[in-house]
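Structure, as structure tokens:
The values are calculated or read from the model by the stated rules, or taken from the named source; none is laboratory data. Since this is a predicted model, take the numbers as computed values, not measurements. So basically every Cβ, Gly included, is an ideal-geometry build from the backbone, and we count neighbours across all protein chains shown. Areas reflect the complete protein model, heavy atoms only, side chains present, ligands, DNA and RNA absent. Shrake-Rupley method; radii C 1.70, N 1.55, O 1.52, S 1.80 Å.
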Amino acid sequence: MTDAAGEGVRLQKVLARAGFGSRRTCDDLIAAGRVRVDGAVAVLGRRVDAETALILVDGAPVGVRPGLVYYLLNKPVGVVTTADDPQGRPVVVGLVPDEPRVFPVGRLDLDTEGLLLLTNDGEIANRITHPSYGVEKEYVVHVEGSPTRSVLRQLREGVELDDGVTAPARVTPVEPNVLRLVIHEGRNRQVRRMCDAVGHPVIRLVRTRIGPLADRSIRPGTWRHLETDELRALERAVADGA
Ligand code: URA
């Protein structure tokens, strides 16, 4: 039973746990008709089976599994990819709701901008960052100078770094000093080190895609929930690892 008088968890409680604000705020969302459960607009007092209900707020799913949230953030320059910075600089978790507690999936440097996933789903986070799953990350890279074709070939074939040769990358010139680079290793400062190694230091680095996740409309410093299709696509992308 999942009706108002029946069993299950109150919808406002599920929403509050998923980071939509206080229970009062969540009641306001429900009252405004912004919440749907299994396809129907929810009413105040609604109870749900949090294991199975498909709950959407403004059309976006609220954790496919109960309590799990997935935020796609556009990280601005100057924000540290951590939960807590001893030097007191702004941190990425400060840009998303406090509850439930989430952590960044992988890392973008202080000076790197672009897409960063934050979640409390440890399983998917491990898979996205583990090299054996080979999830692609795409970057737009502004570099000093204009890389020649031979430089592009070096980047594509692999560059000798102090921790070994990089795996083949996909590299497309966008402008004389701007490249689109797709890698799937995720070593520390990898793109910057690759570009340094071929004599074209990075001026600006923007991550534009994580596996199937790409969205150019998220303003810097803001985030949105993953949509159901995106989460499914992400799950498919990490389904077959080594
Ligand atoms: N490569 C880098 O050099 N920096 C990042 O932040 C991400 C990839």
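On the full set of protein chains, 1.4 Å probe, figure out the accessible area of SER22 and give it in Å² to the nearest 10.
Accessible area, nearest 10 Å²: 60 Å².
With N residues in the chain, what two-decimal value do you get for its Cα radius of gyration over 2.2 N^0.38 Å?
Cα Rg divided by the expected 2.2 N^0.38 Å: 1.17.
Among rounded, prolate and oblate, which fits the range 9-61 when a ≥ b ≥ c are the square roots of the eigenvalues of its C-alpha gyration tensor, a/c under 1.5 means rounded, and a/b larger than b/c means prolate?
In terms of gyration-tensor shape, rounded.
With a/c under 1.5 counting as rounded, go ahead and sort the range 136-210 into rounded, prolate or oblate using the C-alpha gyration tensor (a ≥ b ≥ c being the square roots of the eigenvalues; past the cut-off, prolate if a/b is larger than b/c, else oblate).
It comes out rounded by the Cα gyration axes.
If each residue of separation counts as 0.36 nm, what is the full-extension length gain between ASP38 and ASN126 once their alpha-carbon separation is subtracted?
Difference between extended and current length: 28.7 nm.
Under the rule of at least 5 residues apart or a separate chain, name every residue whose amide H is placed under 5 Å from the amide H of ARG187.
Answer set, sorted by chain and number: none.
Helix-only mean residue ellipticity at 222 nm, the chain, DSSP H runs n ≥ 4 weighted -39,500 (n - 2.57), per residue, nearest 500. What is it?
Rounded to the nearest 500, the figure is -6000 deg cm²/dmol.
Sort 125-134, 191-200, 157-166 for me by packing, meaning the mean count of neighbouring Cβ atoms within 10 Å per residue, highest on top.
191-200, 125-134, 157-166
If the chain between ASP111 and ASN188 were fully stretched, how many nm would it gain, using 0.36 nm times the residue separation less the Cα-Cα distance?
Extra length from ASP111 to ASN188 when fully extended: 26.4 nm.
For the chain, which whole-number percentage of the solvent-accessible area (1.4 Å probe, protein heavy atoms only) is attributable to carbon and sulfur atoms?
49
For SER217 and ALA167, what is the calculated FRET efficiency with R₀ set at 41 Å and r taken between the beta-carbons, to the nearest 0.05?
0.85
Ignoring ligands, DNA and RNA, how do LEU11, LEU95 rank by accessible area with a 1.4 Å probe, largest first?
If we order LEU11, LEU95 from most to least accessible, we get LEU95, LEU11.
How high is the FRET efficiency between ALA239 and ARG89 when r is their beta carbon distance and R₀ equals 25 Å, given to the nearest 0.05?
For ALA239 and ARG89, the calculated efficiency is 0.10.
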